Amino acid sequence: MEDKEGHSISQAPLSLTEPDINWKLDDGLINAVITAAVWSVGQRPGVWSKMMTALDKGGRKTKEGTVHAFLFRAMVDRLREEFHSLDA
C-alpha cells in the first residue's frame, strides 16, 4: 500500500479471531425437530421415547455433551453438504 506521495506504507497483519458460538438453540426449534423426526418415521407407540433416547445419545457424543451442540452440528453438516454440492 502506498501513501499519496507514493511511499510504501506497511500495514499490520490482520488478526482473525473465531467468533463466540452460542450452542443454545430455542426450545421451540428443538421440539419442532423432534416432532418432525417422529412424524417422518411414523407415529407408533414408543417412537417418541426412542427418538428422545437417540437425541440424548447424540448429545452425549458431542464435545460439549449437549443436545444443543448435537443439533447445531447437524445443521452445520447439512449446510456444508449443500455448499459442497454446488461444486459438483
Next item on the list: Any residue in segment 69-88 that's without any contact (Cβ under 8 Å) to a residue 24 or more places away in the chain: show its pairings with residues that are hydrophobic (A, V, I, L, M, F, W, C) at Cβ separation under 8 Å, as long as the two are six or more apart or on different chains.
Entry: 70/55
Item checked: Those residues of segment 56-65 which are under 14 Å from residue 33 (Cβ atoms) and open to solvent by 50 Å² or more (accessible area, probe 1.4 Å), in sequence order -> 56
Note to self: Consider segment 32-49. How many of its residues are over 22 Å from residue 21 (Cβ atoms) and surrounded by 13 or more Cβ atoms within 10 Å (Cβ to Cβ)?
What the structure shows: 6
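Can you tell me which residue is least open to solvent (accessible area, probe 1.4 Å) among those in segment 66-88 that are over 15 Å from the mean Cα position of the chain (by Cα) and among the hydrophobic types (A, V, I, L, M, F, W, C)? If you could, list the steps in order and put the result at the bottom.
So the first thing to find is which residues in segment 66-88 are over 15 Å from the mean Cα position of the chain (by Cα), and the list is 84-88.
Filter once more, so that each one left must be among the hydrophobic types (A, V, I, L, M, F, W, C): 86, 88.
Values: 86: 133, 88: 118 Å².
For segment 66-88, the residue satisfying everything is 88.
The values are calculated or read from the model by the stated rules, or taken from the named source; none is laboratory data. Fair warning: this is a prediction, and the values are worked out from it, not measured in the lab. When we count neighbours, we look across all protein chains shown, and the Cβ atoms used for this are built from the backbone with ideal geometry, even at glycine. Quick note on the areas: whole protein, heavy atoms, side chains included, nothing else; ligands and nucleic acids left out. Shrake-Rupley method; radii C 1.70, N 1.55, O 1.52, S 1.80 Å.
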